[in-house]
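The values are calculated or read from the model by the stated rules, or taken from the named source; none is laboratory data. Computed from a predicted model, the values in this text were never measured in an experiment. Backbone-built Cβ (ideal geometry, glycine too); neighbour counts: all protein chains shown. With ligands, DNA and RNA removed, areas are computed over all heavy atoms of the protein, side chains included. Shrake-Rupley method; radii C 1.70, N 1.55, O 1.52, S 1.80 Å.
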Amino acid sequence: MMNRVRRRTLFQKVVIANSVLLAVGSIMGYYFEEKYFQGGEVGFIILFLFSGLGLCVLINYLLVKIAFRPLDDVADTMKAIRAGHRGIRVPEVTDDPQIEELSKSLNSMLNTMEMQRKKAAASVIRAQEEERKRIARELHDETSQSLTGLVIGIRMVQEVVPDSMPDIIERLGNINDLAHATLNEVHTMAVRLRPSVLDDLGLAAALRSYGKEFTENTDLPVAMQLLCMFHRLQPEKGPVLYRAVKAALTTVARPTGASH
């Protein structure tokens, strides 16, 4: 019997609770009126009526509160989601068919929104990486080649300048040094934007290469242990993990007192 009542809808539960409360109140009122109130004092009758009314309101409040509890869970879940807790879901409800359907639909909608949010974030990361790759390729293929041609041209000019023009030779040497430094900076910038080894050999090789480079630049030995990296990751995950490791090592390279 109780299971059949629990499976009723919210509206039916409220109607049943109020009907039972009204029936019990009527029966008790009739019983007390027949047994105690025949010719009783008016004050006592009024006190009994108000006490019975207060008790009915209290019981009715508790019953309705229990019946509406699943809706409170839904409201609390939505507040938590608005506060940023996207992993929270509405508790499963099996007592009320309508609220059960509502909770399932809401959880399904939240799961779909979370999946779309992750897909959108992955799309943004892919777009950023494609743009980084394009800029790095242009720096490497176009800008670096132009600077290389400039360096070669300067060397050719240096070879034909006579020794009797030391000022010109010195200026050409300074220009050559500046061109070399600029070429190295462009190469470094291209690698920072998108290391070619990350695309050619994968994340593990890129991390080992950067660890070796980090040790050469900072004199801090890097012990790297890579586990479960036999397969290539998804395109948008490799660059993110690579930059996370770079950021961590950059933090270590600062004046932290680290020895390795």
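Condition first: outside any helix (DSSP H, G or I) and polar (S, T, N, Q). Can you find one or more residues in region 112-132 that meet it? Write out each step before concluding.
Filtering region 112-132 down to residues outside any helix (DSSP H, G or I) leaves none.
Checked against the condition, which is being outside any helix (DSSP H, G or I) and polar (S, T, N, Q), region 112-132 yields no hits at all.
Just to verify a result, which residue in region 205-225, among those that are within 29 Å of the chain's Cα centre (by Cα) and farther than 18 Å from Ala247 by Cβ, is most open to solvent (accessible area, probe 1.4 Å)?
Taking region 205-225 first, the residues within 29 Å of the chain's Cα centre (by Cα) are 205-208, 210-211, 224-225.
With the extra rule that they be farther than 18 Å from Ala247 by Cβ, the set shrinks to 205, 225.
Working: Ala205: 30, Gln225: 149 Å².
The qualifying residue most open to solvent (accessible area, probe 1.4 Å) is Gln225.
Scan Glu159, Glu142 and give me the residue that is of a type in the set (Asp, Glu), within 55 Å of the chain's Cα centre (by Cα), at pLDDT below 85 and over 25 Å from Asn217 (Cα atoms).
So the residue among Glu159, Glu142 that is of a type in the set (Asp, Glu), within 55 Å of the chain's Cα centre (by Cα), at pLDDT below 85 and over 25 Å from Asn217 (Cα atoms) is Glu142.
Suppose we keep only residues that are in contact (Cβ under 8 Å) with a residue 24 or more places away in the chain and open to solvent by less than 80 Å² (accessible area, probe 1.4 Å) within region 161-191. Which one would you say is nearest to His260 (Cα to Cα)? Write out each step before concluding.
In the first step, residues of region 161-191 are kept if they are in contact (Cβ under 8 Å) with a residue 24 or more places away in the chain; the result is 176, 179-180, 182-183, 186-187, 189-191.
Add one more test, that the residue is open to solvent by less than 80 Å² (accessible area, probe 1.4 Å), and what stays is 176, 179-180, 182-183, 186, 190-191.
Details: Asn176: 37, Ala179: 35, His180: 32, Thr182: 31, Leu183: 31, Val186: 29, Ala190: 27, Val191: 24 Å.
By that ranking, first place goes to Val191.
Residues Thr112, Thr143: which one is open to solvent by less than 60 Å² (accessible area, probe 1.4 Å), of a type in the set (Val, Ile, Thr) and out of contact with any Gly (no Cβ under 8 Å at 6 or more places or on another chain)? Working first, answer last.
On the way: Thr112 fails: open to solvent by less than 60 Å² (accessible area, probe 1.4 Å).
The match here is Thr143.
Residue-wise test of (1) open to solvent by 100 Å² or more (accessible area, probe 1.4 Å); (2) modelled with pLDDT under 75; (3) closer than 30 Å to Glu236 by Cβ.
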residue: Val14; (1), (2), (3): no, yes, no
residue: Tyr31; (1), (2), (3): yes, yes, no
residue: Leu55; (1), (2), (3): no, yes, no
residue: Pro91; (1), (2), (3): no, no, no
residue: Lys118; (1), (2), (3): yes, no, yes
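Looking at Ile88 and the list (1) of a type in the set (A, V, I, L, M, F, W, C); (2) out of contact with any Leu (no Cβ under 8 Å at 6 or more places or on another chain); (3) part of a helix (DSSP H, G or I), which single condition is not satisfied?
Among (1) of a type in the set (A, V, I, L, M, F, W, C); (2) out of contact with any Leu (no Cβ under 8 Å at 6 or more places or on another chain); (3) part of a helix (DSSP H, G or I), Ile88 violates only (3).
For region 192-202, does any single residue satisfy the condition of being open to solvent by 50 Å² or more (accessible area, probe 1.4 Å), farther than 18 Å from Leu249 by Cβ, outside any helix (DSSP H, G or I) and of a type in the set (Ser, Thr, Tyr)? If you could, list the steps in order and put the result at the bottom.
Here is the first cut: in region 192-202, the ones open to solvent by 50 Å² or more (accessible area, probe 1.4 Å) are 192, 196, 199-201.
In the following step, the residues that additionally are farther than 18 Å from Leu249 by Cβ were identified as 196, 199-201.
Now drop any that are not outside any helix (DSSP H, G or I), which leaves 201.
Among the residues that remain, those that are also of a type in the set (Ser, Thr, Tyr) are: none.
Scanning region 192-202 turns up no residue that is open to solvent by 50 Å² or more (accessible area, probe 1.4 Å), farther than 18 Å from Leu249 by Cβ, outside any helix (DSSP H, G or I) and of a type in the set (Ser, Thr, Tyr).
Give me the pairs: first residue in region 98-110 and over 17 Å from Arg69 (Cα atoms), second residue crowded, with 16+ Cβ neighbours inside 10 Å, beta-carbon distance under 6 Å, and six or more apart or on different chains, which are they?
Asn107/Arg89; Asn107/Val90
Go through (1) of a type in the set (D, E, K, R); (2) open to solvent by 70 Å² or more (accessible area, probe 1.4 Å); (3) more than 30 Å from Leu198 (Cβ to Cβ) one by one and return the number of the condition Arg126 breaks.
Looking at each condition in turn, Arg126 falls short on (3).
Restricting attention to region 230-260, and to residues there that are touching a Gly at 6+ places or on another chain (Cβ under 9 Å) and open to solvent by less than 60 Å² (accessible area, probe 1.4 Å), which single residue is nearest to Ala122 (Cα to Cα)?
Per the stated criteria, the residue is Gly238.
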